[in-house]
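Below is one structure, written out as structure tokens; comments come after it.
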Amino acid sequence: MVEIHAASVNPLDAKIRDGEFKLILPYRLPLILGNDVAGVVVRVGSSVRGFKPGDEVYARPAQDRIGTFAEFIAMNEADVAMKPKNLTMEEAASLPLVALTAWQVLVERANLKKGQKVLIHAGSGGVGAIAIQLAKHIGAYVATTTSTANIDLVKSLGADVAVDYKKDDFGNVLQGYDVVLNSLGKETLEKSLRVLKPGGKLFSISGPPDAAFARQNGSGWLFQQLMGLLSSGIRRKSKRHGVSYSFHFMTANGGQLGKITSLIEAGAIRAVVDRVFPFQSTNEALAYVETGRAKGKVVIAVK
Ligand SMILES: NC(=O)c1ccc[n+]([C@@H]2O[C@H](COP(=O)([O-])OP(=O)(O)OC[C@H]3O[C@@H](n4cnc5c(N)ncnc54)[C@H](OP(=O)(O)O)[C@@H]3O)[C@@H](O)[C@H]2O)c1
């Protein structure tokens, strides 16, 4: 049981609120939103070994245990990690969901290696700002897309190439990439195929979902077929380009978050916080994220 000091907002919160994830995440109402937390452990169950009351922790709770826009939350210890000592509660709350997403795509699934070339779309967004830093830490050559106003930000995070989408078309500028992380729409997804070299890997966290995701999510045969159908177009086009397509939906993972804590404490990754809203302005915080213009993360100060 964690007393919540800070939470952060993800586009996922608004999507759940709007019913967009009903099929994938069948939540029952009433439901407390919020998928990121930093706070202090106040009580532990009798078999908990990794944490004790008073520990400062952070987490992305498992998808069936969300609800961080609140004063307290009970989570499984397997989803929790010690908060990086060099971060404030607000900074720590900004990280779990986006950092785990970046880790799971770049490290776990893409197996990104030193010297490889990776394109991370929307480098100034919540996911992008952490993914750039993680890819640089791995030793990859990193390109990103952003608008004119955020070029300096993405360069400060380590991007080797920043394509200003207001001036240039990334599909004409970038070639020979090993990995693309897409978090934007269909047009960007399809154009990203041109950037990859044969054998390259296209990952999308903004859809369309595929059958492998439906299997991982424990869905039945019919749902797996449906997901396969949704991604059949991009999978077919990927095949034609000699590259692979995969959808990724991040999962809670305290072990991976612990590794991310080490990278943060070593100075390899820093939090990028755009704005902190007070708890009573949670709706305004969601509305700000929904503008799609946030630079890094939007945080809610609970305590
Ligand atoms: N599947 C998963 O596990 C998973 C996990 C996390 C997130 N997601 C999804 O991934 C998407 C991104 O999440 P997020 O938290 O990073 O969002 P976000 O922080 O709200 O993204 C906002 C950023 O996107 C940039 N942006 C918008 N349009 C752009 C474009 N055409 N080209 C380049 N940059 C652009 C904006 O920069 P400018 O102002 O410069 O345009 C802004 O900095 C969302 O759809 C979210 O639901 C999925």
**Asked** Using a simple spin-label model with points 7 Å from Cα along the Cα→Cβ vector, what separation in nm is obtained for A14 and K166?
**Response** 2.0
**Message:** Under 30 Å between alpha carbons, and skipping anything fewer than 8 positions from K303 in its own chain: which lysines qualify?
**Reply:** K15, K52, K83, K85, K259, K295
**Request:** Order the peptides 267-273, 278-284 from the highest to the lowest mean number of other Cβ atoms within 10 Å of their residues.
**Result:** 267-273, 278-284
**Item:** Cβ-Cβ FRET estimate between R194 and N111, R0 fixed at 22 Å, reported to 0.05
**Value:** 0.45
**Request:** Can you tell me which of 229-242, 182-195, 98-111 comes out highest on packing, and rank the rest after it, using the mean Cβ neighbours within 10 Å?
**Result:** 98-111, 182-195, 229-242
**Request:** Report, to the nearest 10°, how far helix 221-230 tilts away from the longest principal axis of the Cα atoms in the chain, using its own Cα long axis and a range of 0 to 90°.
**Result:** 50
**Complete:** Nearest-0.05 FRET efficiency for Q175 and R293 at R0 = 35 Å, using Cβ-Cβ distance, is 0.75
**Item:** Derived scalar couplings ³J(HN,Hα) [the stretch 236-241; Karplus, 6.51 cos²θ - 1.76 cosθ + 1.60; whole Hz; x for Gly, Pro]
**Value:** 5, 5, 4, 4, 4, 8
**Inter-site label distance for W221 and V42 at 7 Å from Cα along Cβ, in nm** = 4.8
**Complete:** Here the stretch 49-54 yields Karplus 3J(HN,Hα) values (6.51, -1.76, 1.60; θ = phi - 60°; whole Hz; Gly and Pro given as x) of 10, x, 9, 9, x, x
**Message:** Could you sort the peptides 77-87, 62-72 by per-residue average Cβ neighbour count (10 Å cutoff), highest mean leading?
**Reply:** 77-87, 62-72
**Message:** Among K167, K114, K201, which one shows the highest mean-square fluctuation when the chain is modelled as a Gaussian network with alpha-carbon springs under 10 Å?
**Reply:** K167
**Request:** Would you grab the residues whose amide H sits under 5 Å from the one on A252? Only those 5+ places off in sequence or on another chain, please, with H modelled 1.01 Å from N.
**Result:** Q63
**Fill in**
A student applying the Cα gyration tensor rule (rounded when a/c is under 1.5; otherwise prolate if a/b is larger than b/c, oblate if not) would label the stretch 74-205 prolate
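Just so you know, all these numbers are worked out from the coordinates, no wet-lab data involved. Keep in mind that this is a model prediction, so the values were computed, not measured. Here Cβ is always computed from backbone atoms with ideal geometry, including for glycine, and neighbour counts include all displayed protein chains.
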